[in-house]
1. Counting Lys +1, Arg +1, Asp -1, Glu -1, what net charge surrounds A:Phe232 among other residues with beta carbon under 9 Å of its beta carbon?
2. If you average the C-alpha positions of segment A:424-490 and of segment A:1-70 separately, how far apart do those two centres end up, in angstrom?
3. Given H placed 1.01 Å from N in the peptide plane, which residues other than close sequence neighbours of A:Leu242 have an amide H under 5 Å from its amide H?
4. Mean separation of Cα pairs under 8 Å and 6+ residues apart, divided by the residue count of chain A: what relative contact order is that in percent?
5. What is the Rg over Rh value, at two decimals, for chain A, using alpha-carbon atoms and the Kirkwood definition of Rh?
6. Separation of segment A:324-378 and segment A:245-313 by C-alpha centroid, Å?
7. Could I have the simple spin-label model distance between A:Glu217 and A:Thr253, label points 7 Å from Cα toward Cβ, reported in nm to one decimal?
8. Please give the charge dipole size of chain A, origin at the Cα centre, charges +1 on K and R Cβ atoms and -1 on D and E Cβ atoms. Round to the nearest 20 debye.
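All of the numbers you see were taken from the coordinates with simple rules; none came from a lab. As the structure is a computational prediction, the values presented were derived from the model and not from experiment. In this analysis, Cβ positions are derived from the backbone assuming ideal geometry, glycine residues included, and neighbour counts consider all displayed protein chains.
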Amino acid sequence: MPITNPAIRTRFAPSPTGFMHVGNLRTALYEYLIAKSLGGTFVLRIEDTDQERYVEGAVDIIYKTLKTAGLVHDEGPDIGGDYGPYVQSERMDLYKPYAEELVKKGHAYYCFCSKERLASLHKDGGVEGGYDRHCRDLSEEEIKKNLDAGIPYVIRQKMPLDGETTFHDCVYGDITVQNKELEDQILLKADGYPTYNFANIIDDHLMKISHVVRGSEYLSSTPKYNLCYEAFGWDIPTYVHLPLIQGKNEDGTVSKLSKRHGSTGFEDLVAQGFLPEAIINYIALLGWCPKDNQEVFTLDELSKAFDISGISKSPSVFDYDKLEWFNGEYIKKMTEEEFIEFAKPELSKFPMITPDLYPLFTEIMQPRITRLPQISEKLAFLLELSDYDLELYVHKKSKTTKESSLEMLNIVLPMLHEIEWTKDSLSECMTGLAEGMGVKNALVMWPVRIAASGTAVTPGGAVEVMLLLGKEESLKRIESGRQRLSAALS
RNA sequence: GGCCCGUUGGUCAAGCGGCUAAGACAUCGCCCUUUCACGGCGAAGACAGGAGUUCGAUUCUCCUACGGGUCACCA
């Protein structure tokens, strides 16, 4: 998709934790869609300012996820761009001067408080805003003395003590908070690294990000961002805060989506047989609704239809059932070639399903599965005939009994020996028999299918089961069923 | 606890002062049928509660309840 509006720039700024939570992925998706729907640029920036949380290979997971999800970025660490570097740890020298500029302007200050002192503040409880602003009004001399003495320091933002701050969010509207509620948050850590919040502001500004899109958990720190932008005299970006994704607990309550609700990582979902397109389609609709209520979307269609006004404010519950439905829809849309390719890993477990059987395999499996692993579950009977219960031969609706089943098998078995093993001849053989005897098809089909499969439910009917099994194995199994019935009834 | 945000069927959700309150998933029933699916048809199921504003509130305001988020030298 061509970039037609250079002023529109969004960014996905994950920290490399080694795991792509679907919540993060949805944020990335919306950032991508906002940019693309407006003809803008989608930027990838890696936020690795936390040295202690570095995870080997985590950045590769981010690239890989975005790639398989189809969220192609226009600028990023791997492809460059005019606003690099795109990895925060490579921009380290950049932040400190900005923090110092704020100190000079009187919007920030040096803080020499030890971690121990802060910890005791928190423990004693009740300190407004988490910090008592102990160092806020140190004299020039004291600051110089401490600096010269090499006492470690951080730089904190100096919040106004009174008044209020209002910001506008595209989703939540105007939000106002009292300035006295705002903490003098740390901008620059003692190790010289910026905090996430500060690095974000600087990078978003420098990278000319027009729309800051992020989860609603950042709503409460946004006023602090604005005060910072204003202190620098910078334009404030357009904010788009997204509602959270929650998970349903066993007791029916909901809470932030986490492992205990099931898989929440993109990779995990894919490993379970969910298609990237289905995952993307589903999460696009978790918190956003198109004007016309369309449900199934390609990424390209989403890029055209997406509109910020369709984003909802209330949190939504991740529904695995609906994801499953989407997955089934995407599977049903595949061509035979695509389906076979998709099913390859499962297909390899069934040597009897030779390429000449692929059309049949596709015909019976494609409409029946919503996830890949279901193939081997539904076809397990092919590999081994279970020691099934003879009661399976009794089916009320088909009016079959063990006696009728034995009778039918006795009649049909010799006939099957004689015929060609094709769909038409098998079908004609059995329906012809039923017709000749003046009975319902099911009366002969049911026992044949049970004997051949040993299971009550199979994808496809007797004909399909026998075709997959092959003539030799089918006859063997039916003969076995016949003998067991015969022994049981005599 | 302070502050901020939210609340339409089990779930996702449309709605933006006047509707028999859409649609989708899930559930249930019927049809199709060689079991199960697919497909088709149909059913059940919701505006958290209370005050206002208004001729009229799901929609606007306030309060209550409930849910969530946030209060780190994490991001």
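1. Neighbourhood net charge equals -1.
2. Segment A:424-490 and segment A:1-70 have Cα centres separated by 55 Å.
3. Amide H to amide H, under 5 Å and 5 or more residues apart or across chains, A:Leu242 pairs with A:Arg214, A:Gly215, A:Ser216.
4. On the way: 711 pairs, mean separation 57.4, N = 490.
Value for chain A: 12 percent.
5. On the way: Rg = 32.5 Å, Rh = 27.5 Å.
Looking at chain A, the ratio lands at 1.18.
6. After rounding, the separation between the Cα centres reads 24 Å.
7. 1.8
8. Values: 53 positive and 74 negative charges, 155 e Å.
Approximately 740 debye in magnitude.
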